[in-house]
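Colleague: Sharing a structure, written as structure tokens. Questions coming.
Just so it is clear, none of the values below were taken in a lab; they were calculated from the coordinates. Note that the structure is a prediction, hence the values are computed from the model and not measured. Here Cβ is always computed from backbone atoms with ideal geometry, including for glycine, and neighbour counts include all displayed protein chains.
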Amino acid sequence: MTKVNEHDMHIITIATRNSLRVLQRISGLFSRYSVNIDQMSIFSGQDGLSHFSIIVYSDDHSILKLTNQLHKIIEVCDVRVLNNQKF
């Protein structure tokens, strides 16, 4: 097991269309790639989209694989990753 430090923190933002079980699909991918969610915030915008902000601690390779799979979820409109930032 590798030691996690502040450089392993990533903020993932996801915009999705509102639909049933989209949260389940997204959280299932995090579980599948063994990426623990440290914090999650979700809000529904006036544009009919749900916006997720998720803070995770993981390596860059796992985050890349995870975001590639997130793009394949039909309801997902946009995925962005903020990393290597000093917080």
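Colleague: Which of 54, 74, 37 comes first, and how do the rest follow, when ranked by fewest Cβ neighbours within 10 Å? Don't skip to the answer; put the middle values down first.
Modeller: On the way: 54 20, 74 10, 37 14.
Sorted ascending by nearby Cβ count, the order is 74, 37, 54.
Colleague: Okay, moving on. Can you sort 40, 9 from fewest to most other Cβ atoms within 10 Å of each residue's own Cβ?
Modeller: 40, 9
Colleague: What number do you get for the range 6-83 when its Cα radius of gyration is normalised by 2.2 N^0.38 Å, N = residues? Let's see the in-between values first.
Modeller: Numbers: Rg = 11.8 Å, N = 78, 2.2 N^0.38 = 11.5 Å.
Ratio of Cα Rg to 2.2 N^0.38 Å: 1.02.
Colleague: With the chain treated as a Gaussian network of Cα nodes joined by springs under 10 Å, which of 62, 50, 41 yields the largest mean-square fluctuation?
Modeller: Highest fluctuation among the options: 41.
Colleague: Per DSSP H run of at least 4 residues, take -39500 (n - 2.57); add these up for the chain, divide by its residues and hand me the 222 nm value, nearest 500 deg cm²/dmol. Present the calculation step by step, with values, prior to reporting the outcome.
Modeller: Numbers: 2 runs with 22 residues, N = 87.
Helix-only estimate at 222 nm: -7500 deg cm²/dmol.
Colleague: Could you grab the relative contact order for the chain? Cα pairs under 8 Å, six or more apart, rounded to a whole percent. List each step's numbers first, then the result.
Modeller: Numbers: 138 pairs, mean separation 40.3, N = 87.
Relative contact order for the chain comes out at 46 percent.
Colleague: Could you check the simple spin-label distance between residue 42 and residue 73, using points 7 Å along Cα→Cβ, in nm with one decimal?
Modeller: Simple spin-label model gives 0.8 nm for this pair.
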